[in-house]
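Chemist: My questions all concern the structure below.
The values are calculated or read from the model by the stated rules, or taken from the named source; none is laboratory data. In this text, all values refer to a predicted model and were calculated from it rather than measured experimentally. As a convention, Cβ positions derive from the backbone with ideal geometry for all residues, glycine included, and neighbour counts pool all protein chains shown.
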C-alpha cells in the first residue's frame, strides 16, 4: 500500500470481472480517485476486448487476465490498437502483460495488492475467491456464488473481517452491525425490490419473455443477476450468503419486499430496535465501501433527498408465487454441496430461458427438481466436503439440469 498525494494510503486493487456491471462501476469509483487507488490487475472473460483494452490503457494496468483463451488474440490486438491510438509509438503507454486461460482470473487474484474486488458472475468466481483469501488480501466480494457454493471451504480460509460484502444488501447489514454484539441480533431482514413481476399471480408468469424479465424496476445489472431477481432466486442466494457472512441461523433471516430499493437491509435487535441502511439504488456506494473498508469514500454516491416527500413501502414476500427463497432456505439449511447444486442448476436454467429453451416458471421448477434429487442421495450427507466434491456436485447438477430442460 503506497501513500497518496493527499497523505492517505493509496490502495492497490485487482478487479475481477472488469467489463461487467460491477466491474465497470468499480472502475468509475477508482478512476475518479487516482490519488487513492492504483489498479494492478484486471480480469474478464474476453467477450468485450475493446472495453477491456480501454480500461487497461486508461488505468495503466500492468496485468490483464482473460479466462477464454480463444479471446486472447482479440484482446492483445485491441490493446495494441488502443495504445497506438493514444500515441504508443511515443512511449506514453505501456502494453500490459496478458495471461489467458481458465486460471487467468486466479493469477489476477494472486497479484500482490491490498484489495481484490471479485465482480465475476457465477460459479467461476470460486477459485479466484479462494486464491485471494489464501494470499491474505482483503476480498471485496460481489460474486456471492463463490461464497454460497464454497460454504465452509471459503469461510474456513477467511480471516475475521477479510471478506467485505459488496452486494448492497450485505453491505447494508455489515454497516448496521458495525460495533454491535452478534448476540444482540434478533434477526436480519433482507430487502427485495420484488423484481418486474411483483404482484402477479403464478398463472400470469407462465408466458413472460426474457425481455420482460430483464426489465428490472430499480437496478441496472447484468442479464443473469437481473433474471435471478425476477425469479427471486437471487434473494434466496442472498439469504444463504447472509448466513455464511454473519453467522446468523437461517431461520432468523427474513426477506421483505421493498419496491423502492432505498432501504437495502435491516438488523433487528433483541430489545426491539431496528437499524437500517438507506441510500438511492446505486452500486457505487457498496463498491466504494468494499474498496475502502472500513473507511468511507466521500462522494461515492448521491444521498437521499430529505427535502422531498417520500414513502417507503414494505410488503411480505408471496412464497406461493415466488418459491425460490424457500427452495434456497432448504438448500442452505442442508449445507454442504446443496447450495452449489442450487446455483449450478439455476445458471443452466437461466441460460436456457434467455436462449428460448425454457419457460420462466420452468427455471425454479427445474432447479427444485435437481435440488430434490441431490438431497435424496444418501451419500450427500456423509461425503467429505472438499473442493473436488464441490466441483463434482456442480458439474453433475449442470448435467442433470440440462437433461431436465431438454425433457421439459
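Chemist: In the list 248, 240, which residue meets the criterion of being in contact with a helix residue (DSSP H, G or I) (Cβ under 7 Å, 6 or more places away or on another chain), modelled with pLDDT of 95 or more and surrounded by fewer than 23 Cβ atoms within 10 Å (Cβ to Cβ)?
Modeler: Only one candidate qualifies: 248.
Chemist: State the number of residues belonging to segment 33-52 that are farther than 24 Å from residue 146 by Cα and in contact (Cβ under 8 Å) with a residue 40 or more places away in the chain.
Modeler: Number of matching residues: 3.
Chemist: Anything in segment 291-322 that is over 21 Å from the mean Cα position of the chain (by Cα) and not in a loop (DSSP other than H, G, I, E, B)? List them, or say none.
Modeler: Answer for segment 291-322, where residues must be over 21 Å from the mean Cα position of the chain (by Cα) and not in a loop (DSSP other than H, G, I, E, B): 315, 316.
Chemist: For segment 173-205, what are the residues that are in a helix (DSSP H, G or I) and surrounded by 17 or more Cβ atoms within 10 Å (Cβ to Cβ)?
Modeler: Within segment 173-205, the first condition is being in a helix (DSSP H, G or I), and the residues that meet it are 173-177, 182-184, 203-205.
Listed by number, the residues that qualify are 173, 174, 175, 176, 177, 205.
Each row is one residue, and each column tells you yes or no for (1) at pLDDT 95 or above; (2) closer than 19 Å to residue 154 by Cβ.
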| position | (1), (2) |
| --- | --- |
| 363 | yes, no |
| 373 | yes, no |
| 379 | no, no |
| 382 | no, no |
| 393 | yes, yes |
| 397 | yes, yes |
| 400 | yes, no |
| 405 | yes, no |
| 408 | no, no |
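Chemist: Being closer than 20 Å to residue 225 by Cα and without any contact (Cβ under 8 Å) to a residue 60 or more places away in the chain narrows it down to one residue among 368, 376, 381; which is it? Steps first, please.
Modeler: Values: 376 fails: closer than 20 Å to residue 225 by Cα; 381 fails: closer than 20 Å to residue 225 by Cα.
Step by step, each of 368, 376, 381 is checked, and only 368 is closer than 20 Å to residue 225 by Cα and without any contact (Cβ under 8 Å) to a residue 60 or more places away in the chain.
Chemist: Which condition number does residue 139 fail, the rest of (1) under 21 Å from residue 239 (Cβ atoms); (2) in contact (Cβ under 8 Å) with a residue 40 or more places away in the chain; (3) surrounded by 24 or more Cβ atoms within 10 Å (Cβ to Cβ) being met?
Modeler: Every listed condition holds for residue 139 apart from (2).
Chemist: Determine whether residue 341 is farther than 21 Å from residue 163 by Cβ and assigned by TED's automatic domain parsing to the domain that holds residue 399.
Modeler: So residue 341 passes the test.
Chemist: Can you tell which of 317, 361 is in contact (Cβ under 8 Å) with a residue 60 or more places away in the chain, in contact with a helix residue (DSSP H, G or I) (Cβ under 7 Å, 6 or more places away or on another chain), outside the structural domain of residue 32 (by TED's automatic domain parsing) and over 24 Å from residue 244 (Cα atoms)?
Modeler: Being in contact (Cβ under 8 Å) with a residue 60 or more places away in the chain, in contact with a helix residue (DSSP H, G or I) (Cβ under 7 Å, 6 or more places away or on another chain), outside the structural domain of residue 32 (by TED's automatic domain parsing) and over 24 Å from residue 244 (Cα atoms) holds for just one of 317, 361, which is 361.
Chemist: Restricting attention to segment 142-167, report how many residues are in contact with a strand residue (DSSP E or B) (Cβ under 7 Å, 6 or more places away or on another chain) and either within 26 Å of residue 269 (Cβ to Cβ) or at pLDDT below 95 (or both).
Modeler: Here the count works out to 6.
Chemist: Quick one: residue 341 ticks every box in (1) over 17 Å from residue 367 (Cβ atoms); (2) in contact (Cβ under 8 Å) with a residue 12 or more places away in the chain bar one, so which box is it?
Modeler: (1)
Chemist: I'd like to know if segment 375-384 contains one or more residues that are out of contact with any helix residue (DSSP H, G or I) (no Cβ under 6 Å at 6 or more places or on another chain), assigned to a helix (DSSP H, G or I), within 22 Å of residue 209 (Cα to Cα) and not assigned by TED's automatic domain parsing to the domain that holds residue 206.
Modeler: The answer is no; no qualifying residue exists.
Chemist: Counting just the residues of segment 137-164 that are under 17 Å from the mean Cα position of the chain (by Cα) and assigned to a loop (DSSP other than H, G, I, E, B), which one comes out farthest from residue 337 (Cα to Cα)?
Modeler: 162
Chemist: Which condition number in (1) surrounded by 17 or more Cβ atoms within 10 Å (Cβ to Cβ); (2) out of contact with any strand residue (DSSP E or B) (no Cβ under 6 Å at 6 or more places or on another chain); (3) part of a loop (DSSP other than H, G, I, E, B) is the one that residue 170 fails?
Modeler: (3)
Chemist: Quick check on residue 101: is it surrounded by fewer than 19 Cβ atoms within 10 Å (Cβ to Cβ), free of Cβ contacts under 8 Å to residues at least 24 places away in the same chain and on the phi > 0 side of the Ramachandran plot?
Modeler: Values: surrounded by fewer than 19 Cβ atoms within 10 Å (Cβ to Cβ): yes; free of Cβ contacts under 8 Å to residues at least 24 places away in the same chain: no; on the phi > 0 side of the Ramachandran plot: yes.
In short, no.
Chemist: Moving on. Can you say whether residue 304 is modelled with pLDDT of 95 or more and within 29 Å of residue 289 (Cα to Cα), as far as the supplied structure shows? Working first, answer last.
Modeler: On the way: modelled with pLDDT of 95 or more: yes; within 29 Å of residue 289 (Cα to Cα): yes.
Answer is yes for this residue.
Chemist: Quick one: in segment 323-347, which of the residues that are part of a loop (DSSP other than H, G, I, E, B) and touching a helix residue (DSSP H, G or I) at 6+ places or on another chain (Cβ under 7 Å) is surrounded by the fewest Cβ atoms within 10 Å (Cβ to Cβ)?
Modeler: 323
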